[in-house]
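Visitor: Sharing a structure with you now.
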Amino acid sequence: MSQLASAPSAAATPPRGPRICYRQALARDAADQAEVFHHAVMQGASAHYSLAEREAWVAALPRDASAWAARQALFTTLVAACDGRCVGFLELDLSRGRIETLYVWPSLARRGIGSTLLVHAERLLLEQGHARVDIEASLVLAEHLARRGWHEISADWVERGGERLCRRRLEKPLGLVET
């Protein structure tokens, strides 16, 4: 009887923290980054790019953890992790004041994950003394950035595997960072 009384009840279990946490990428995130990139392009960009364009896009970077681990050495990489797995990431070139990539798992898109990664990136850039940030964004991302105060500078085309992909060059002043 005394053992039952001292056993913890389900109600006494402390509440879990937020499911999504934001942090700097770890080597173990690289395989997840490869999958997030692949699915974000193949599924998430399907309304803006043809199948041939999306296949060329994903072929530009191997679906292999070692390639993404190497990119972590080149760029400051922030991840959104859910239950320990990377579900979104942003690559940042701090020296140039530039966001290189931003991808979120398609089924989790439009839930604020990308926006939160952007806020963290903008804070890092401000800390490094940058007054603005720029990005060459896909048509998918450009729509969302325009609603967040980014200004389009120009349209651009990039060639991937014989396909020409349209993208937008945008920039944003970093006077104030959202919270």
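The values are calculated or read from the model by the stated rules, or taken from the named source; none is laboratory data. Note that this is a predicted model, so its numbers are computed, not measured. Don't worry about glycine lacking a Cβ; one is built from the backbone with ideal geometry, like all the others, and counts go over all protein chains shown. For accessibility, only protein heavy atoms count, side chains too; no ligands or nucleic acids. Shrake-Rupley method; radii C 1.70, N 1.55, O 1.52, S 1.80 Å.
Visitor: Looking at segment 50-70 only, could you name the residues that are of a type in the set (Gly, Ala, Ser) and more than 17 Å from the chain's Cα centre (by Cα)?
Guide: SER50, ALA52, ALA56, ALA59, ALA60, SER66
Visitor: Residues that are open to solvent by 40 Å² or more (accessible area, probe 1.4 Å), in contact with a helix residue (DSSP H, G or I) (Cβ under 7 Å, 6 or more places away or on another chain) and closer than 26 Å to LEU26 by Cβ: does segment 155-170 have at least one?
Guide: No.
Visitor: Please enumerate the residues belonging to segment 147-164 that are in contact (Cβ under 8 Å) with a residue 24 or more places away in the chain and touching an Asp or Glu at 6+ places or on another chain (Cβ under 7 Å).
Guide: Hit for segment 147-164 is GLU163, nothing else.
Visitor: What residue, among those in segment 80-94 that are in a loop (DSSP other than H, G, I, E, B) and in contact (Cβ under 8 Å) with a residue 24 or more places away in the chain, is most open to solvent (accessible area, probe 1.4 Å)? Explain how you work it out, then say what you get.
Guide: Taking segment 80-94 first, the residues in a loop (DSSP other than H, G, I, E, B) are 83-84, 94.
Checking which are in contact (Cβ under 8 Å) with a residue 24 or more places away in the chain leaves us with 83, 94.
Working: ASP83: 97, LEU94: 41 Å².
Filtering first and then ranking leaves ASP83.
Visitor: What's the number of the condition ARG23 fails, among (1) in a helix (DSSP H, G or I); (2) within 12 Å of the chain's Cα centre (by Cα)?
Guide: (1)
Visitor: Which one of ALA73, ALA60, ALA65 is open to solvent by 20 Å² or more (accessible area, probe 1.4 Å), touching a Lys or Arg at 6+ places or on another chain (Cβ under 6 Å) and on the phi < 0 side of the Ramachandran plot?
Guide: On the way: ALA73 fails: touching a Lys or Arg at 6+ places or on another chain (Cβ under 6 Å); ALA65 fails: touching a Lys or Arg at 6+ places or on another chain (Cβ under 6 Å).
That would be ALA60, the only listed residue that is open to solvent by 20 Å² or more (accessible area, probe 1.4 Å), touching a Lys or Arg at 6+ places or on another chain (Cβ under 6 Å) and on the phi < 0 side of the Ramachandran plot.
Visitor: Would a scan of segment 97-118 turn up a residue that is at pLDDT 95 or above, over 13 Å from the mean Cα position of the chain (by Cα), open to solvent by 10 Å² or more (accessible area, probe 1.4 Å) and among the charged types (D, E, K, R)?
Guide: Yes: segment 97-118 contains one or more residues that are at pLDDT 95 or above, over 13 Å from the mean Cα position of the chain (by Cα), open to solvent by 10 Å² or more (accessible area, probe 1.4 Å) and among the charged types (D, E, K, R).
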